[in-house]
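These notes concern the structure reproduced below.
The values are calculated or read from the model by the stated rules, or taken from the named source; none is laboratory data. The shown structure was predicted, so the numbers you read here are calculated from the model rather than taken from an experiment. Note that each Cβ is placed from the backbone with ideal geometry, even for glycine, and that neighbours are counted across all protein chains shown. Accessible surface is based on the protein model in full, side chains and every heavy atom, while ligands, DNA and RNA are left aside. Shrake-Rupley method; radii C 1.70, N 1.55, O 1.52, S 1.80 Å.
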Amino acid sequence: MRFTHHLAVATLLLGSLPALAAETTWITVGDTAWRLLAERATDARVLSTRDVAVNVPRERGPNAALVRSSERVHAVQLDADWLPQLSNEVHEQLHRCGGFVRHDSLAEALAVLHRLQGTATPALAPSYSIDDQTEVNAALPLLQDSRILSTIQTLSDFQNRLYNSSHGVAASDWLAAEWKKLATGKPWMRVSQVRHADWPQKSVKLRIVGSGNAAQTVVLGAHLDSIAGNANANVRAPGADDDASGVAALTEIIRVLADRNYRPRRSIEFIAYAAEEVGLRGSQQIATQYQRQAKAVVGVLQLDMTAFQGDLTDLWIYTDFTNAAQNQFVADLAAAYLPQLSVAYDRCGYACSDHASWTGRGFAASFPFESGFNTYNRAIHTDRDTTTTFGNQALHALKFTQLGLAYAVELGSD
Ligand code: BES
Ligand code: ZN
């Protein structure tokens with residue numbers, strides 16, 4: 001979907017050979033997308049294949065029952081220059097997005113494939129008790145949609161937030177400064193920027209150091225980067241919904257928890273990932289590093305696209321590349337704290353956002369989303385992904401912000 005309005009250009013490019021300076025890379029890719037790729041990329045080689053168990057809705061729609069199914073996924077080695085064309089082909093022929101995840105090494109691609117197959121039994125099985133009504137009910141009414149909208153607006157006002165452009169770097173610096181302001185005078189809240197070796201945009205992290213069980217960490221994430229059109233350094237890519245709306249939700253949760261001087265027992269980390277739009281690269285590096293350090297991540301919540309209400313359902317919980325037990329907890333949180341909201345289930349059908357990086361590394365991740373997959377915001381990845389597309393309001397985004405706050409407090413308190 002990255003090249004929706006460039007289909008003509010894409011068609012011209014198809015069949016052309018990648019540039020001479022070949023850069024070998026590794027991806028994990030679903031079988032359907034692989035078949036498309038194999039027709040063109042003659043150098044692409046399948047290194048390993050697994051059948052991955054997934055929970056899928058029996059049909060699309062609000063009341064679909066979940067059934068167990070299986071999906072064939074391959075680890076493939078190929079020239080990096082094929083990847084943009086793969087995105088185009090998947091979009092054009094399968095009428096959906098992406099379809100692959102890029103990895104930094106062969107070992108990493110194989111490790112992710114292996115873990116995907118492992119039905120993701122996370123190392124840590126937290127208790128999903130809901131017992132912090134006092135804190136959650138005091139904090140929820142303080143969340144303001146007007147503040148969420150204003151953060152979305154500021155982030156979309158950068159020319160773009162590309163992972164490799166000066167604008168993308170500036171957006172990261174702005175967010176770090178903003179989070180530092182919120183953390184001022186709260187020594188238990190620490191802001192840092194995470195460097196990535198291969199591109200200039202840094203991920204931004206705010207850690208609330210736990211008061212009792214600080215080694216265990218709850219992660220709430222969104223992606224900071226945006227993309228559109230030809231992805232050149234000065235392209236207009238506002239990314240208001242995708243994913244300023246997720247970063248703004250995190251920012252508003254941080255503001256309210258700071259205001260209340262809230263200190264969880266576990267640690268809570270808010271992460272705005274760099275380089276999601278180019279193969280989940282920022283979150284892959286962070287999740288890989290946490291796994292190597294044997295960091296006890298008890299749960300991960302991804303907020304990617306929260307502002308555009310595509311259908312009548314309020315909260316959609318995506319069931320693929322996520323953890324079923326934690327998804328149940330997320331649905332229970334909605335029922336307990338946001339009983340007026342409707343909940344339904346759907347799936348992307350591929351590793352569509354940063355939650356998949358964590359799932360692939362053996363951590364429990366969930367992905368509550370703004371719409372069913374059939375009705376997602378078609379303006380994303382274009383210069384039309386602005387606040388106008390969702391009526392200059394953040395009432396839909398507010399629901400995900402409320403859910404995120406309940407998640408942070410209820411999982412953070414244990
Ligand atoms: N926010 C999207 C994912 C998304 C789009 C989810 C539509 C549900 C409906 C994300 O930023 C994205 O664009 N992901 C890529 C894949 C990624 C591996 C580069 C995509 O979907 O093409
Ligand atoms: Zn996107």
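A few notes on this one:
- Share of alpha-carbon pairs per 20 Å distance bin for the chain, given as whole %: 29, 62, 10, 0
- Three semi-axes of the equivalent ellipsoid, segment 109-236, Cα gyration tensor, whole Å, largest first: 29, 24, 16
- The chain, relative contact order [Cα under 8 Å, separation at least 6], %: 21 percent
- Largest accessible area first, the listed residues Asp31, Asp198, Asp320 line up as Asp198, Asp31, Asp320 when surface is computed with a 1.4 Å probe on the assembled protein chains.
- The listed residues Trp188, Trp316, once ranked by accessible area (1.4 Å probe) with the largest placed first, stand as Trp188, Trp316.
- Estimated translational diffusion coefficient (Stokes-Einstein, Kirkwood radius over Cα pairs, 4 °C, 1.567 mPa s) of segment 239-365: 82 µm² per second.
- The ratio of the alpha-carbon radius of gyration of segment 318-414 to the globular-protein estimate 2.2 N^0.38 Å is 1.15.
- Using every pair of separate Cα atoms, the Kirkwood estimate puts the hydrodynamic radius of segment 182-247 at 14.5 angstrom.
- With all protein chains modelled, accessible area of Leu280 [1.4 Å, Å²]: 10 Å²
- Counting lysine pairs in segment 133-412 that sit 8 or more residues apart in sequence, or on different chains, and whose Cα atoms lie under 25 Å apart gives 13.
- Spin-label model distance (nm) - Ala294 vs Leu341, 7 Å beyond Cα toward Cβ: 3.7 nm
- Packing, as the average of other Cβ atoms within 10 Å across residues, places the peptides 373-382, 127-136, 233-242 in the order 233-242, 373-382, 127-136, highest first.
- Remark: accessible surface ordering of Lys202, Lys399, Lys181 (largest first) is Lys181, Lys202, Lys399, probe radius 1.4 Å.
- In this Cβ point-charge picture (+1 for Lys and Arg, -1 for Asp and Glu), segment 133-412 has a dipole of about 1120 debye about its Cα centre.
- For Val52, distant residues with modelled amide H under 5 Å away: Glu71, Arg72, Val73
- Rounded to the nearest 10 square angstrom, Trp174 shows an accessible area of 60 square angstrom against a 1.4 Å probe.
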